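Contents: one structure, followed by commentary.
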Amino acid sequence: MSTSCYTSAMQDFIFFKKSVIGAVACASLILQPITAWAAEFNPHLIISDNDLTATESMTAQGIQDFFTAQKSGLATIKFIDTDGVSRSAAEIIFSASREEHISPRYLLVVLQKEQSLVTTTNPTQRQLDWATGYGVCDSCSMEDPAIQKFRGFATQVRRSAGIMRYYYDNLQSTWIKRLGQAYLIDNITVTPQSNATGFLYTYTPHVSGNKNFWRIWNQWFTKFFPDGAIVKVAGENTVYLIQAGKIRPFMSKAAYLSRYNQNEIITVEPTDIVSYQKGVPITLPNYSLVQAPSGMLFLLIDTAKHPIASQAVLKSIGYNPGEIEDISEEELETYSNSTFITSASIYPLGAVVQEKKSKQLYYIKNGIRYIIPSMDVVKNVFPSKKIITLNLAQISKFDFDPTKVISFKDGTLLKIKGSREVYVTSNGQLRLIPNETIFKNLGYNKKNIIETSEQTLTHFTMGEPLIDVVGKTQIASRS
């Protein structure tokens, strides 16, 4: 990755500069699409209706910057618009998008799918004249007199946007493919899961052509969330954890509420998570007592599994055999191995303690104490735990592990007091969110940003910033 900074056009939210934490938070714009990892084409859901109608997804300047980033000839060519006024390609796309309430991203993908115009440096007149393929059927000649009224870049763009709006306004027409109806296309039965998908098949009645559309869309506009993000598809109930590049569903409300606050959930589109490989479901709440297929008992605390030494130990920590839940080996393996809980264990469920005089915070589990850098971490990680006050002599009796600091959960939004830089925690790293566009496109809420001290974050390493292709939401590679 280059260490040159974003241009001023990308600095509307936060400025790249030498981080007060000691790492240079600087990244260059990626100029080429990044392939989505493990993405699989779903012919029934290419894009959602929100995707197709997201008029606000790009500004005119954002479209212009996108062309520039792709080294497109469209960045410099002017066209006579349908009203006789000379305009740039970006201005025409933006205008058509606003007039028809159709996403400019859709128009960009169509331009690329039909004539490769977004990535062509020196387009031919033929490419420009038939930019979106509007009016050109499979058997038609582009010289056919009947379709010459559709010739021209501006006409092509405006017609392409207009036909999608027409589809929405005339859903009762039986020739328009739509949500929930089964259609035989290229000998494949396709049942669109969005009207937008049906419209794409109406516009291009081939699976291969729409797979190409999906491929381009997926490369340019699919979101990749950092590990620790909690997401939910709009209109659905299932909540997911993004972890190790996979998406893990919580199987009950208790399973996620015992770990996360409801206001941390990011609402997404189905297509935002369609490329993620499914991970092992999270079936049980935090602090669950479980029995593995081998018969071994474990207590699940946060991301670790603690073996239980005996039935007698259960009583000593306030559990009884009736609370034991079965767990699969597959799910059990998602928890890291940790210390045995025995009758000699002190605070086996973990406790937050504060030294009476210095006010230093510690987390004590199984007789070992760990530093908690601030009360901000306590509120984030242990919101329901009562803080126990002990004197120095009492605390000193516990073994101290200096190699581990208890810190913010993955997926937490942080900023240092007095700074404009906003970060998200992921796999023990801080990852800078470079600008407000990325912040909003990932569905983050400013109300969830925790302002904390620089000292609280000194143990973090600096990870890759969440990087953006100008005017789109391609987020940095998964861990």
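The values are calculated or read from the model by the stated rules, or taken from the named source; none is laboratory data. The shown structure was predicted, so the numbers you read here are calculated from the model rather than taken from an experiment. Cβ: placed from backbone, ideal geometry, glycine included. Neighbour counts: every protein chain shown.
Limited to the stretch 145-162, what total is found for residues that are in contact (Cβ under 8 Å) with a residue 24 or more places away in the chain, part of a helix (DSSP H, G or I) and not basic (Lys, Arg)? Spell out how you get there, then give the answer.
Kept after step one, since they are in contact (Cβ under 8 Å) with a residue 24 or more places away in the chain, are these residues of the stretch 145-162: 152-162.
Still in the list and also part of a helix (DSSP H, G or I): 153-162.
Subset that is not basic (Lys, Arg): 153-157, 160-162.
Adding up the residues that qualify gives 8.
Of the residues making up the stretch 291-322, just one is charged (D, E, K, R) and touching a Gly at 6+ places or on another chain (Cβ under 9 Å), namely Asp302. Across the stretch 265-308, the qualifying residues are those that are within 24 Å of Ile230 (Cα to Cα) and among the aromatic types (Phe, Trp, Tyr), and the one among them that is surrounded by the most Cβ atoms within 10 Å (Cβ to Cβ) is Tyr276.
Of all residues in the stretch 425-450, which are aliphatic (A, V, I, L, M) and not in a helix (DSSP H, G or I)? Result: Leu430, Leu432, Ile433, Leu442, Ile449, Ile450.
In the stretch 165-181, the condition of being in a strand (DSSP E or B) and either surrounded by 15 or more Cβ atoms within 10 Å (Cβ to Cβ) or at pLDDT 95 or above (or both) is met by no residue.
What tally of residues in the stretch 260-297 results from selecting those that are touching a residue at least 60 places away in the same chain (Cβ under 8 Å) and not β-branched (Val, Ile, Thr)? Total satisfying the criteria: 10. Screening Gln127 against (1) closer than 23 Å to Glu99 by Cα; (2) of a type outside the set (A, V, I, L, M, F, W, C); (3) free of Cβ contacts under 8 Å to residues at least 24 places away in the same chain leaves a single unmet condition, (1).
Kindly evaluate Asp51 against the criterion of being under 20 Å from the mean Cα position of the chain (by Cα), at pLDDT below 95 and under 21 Å from Asn218 (Cα atoms). Considered against the rule, which asks whether it is under 20 Å from the mean Cα position of the chain (by Cα), at pLDDT below 95 and under 21 Å from Asn218 (Cα atoms), Asp51 comes out as yes.
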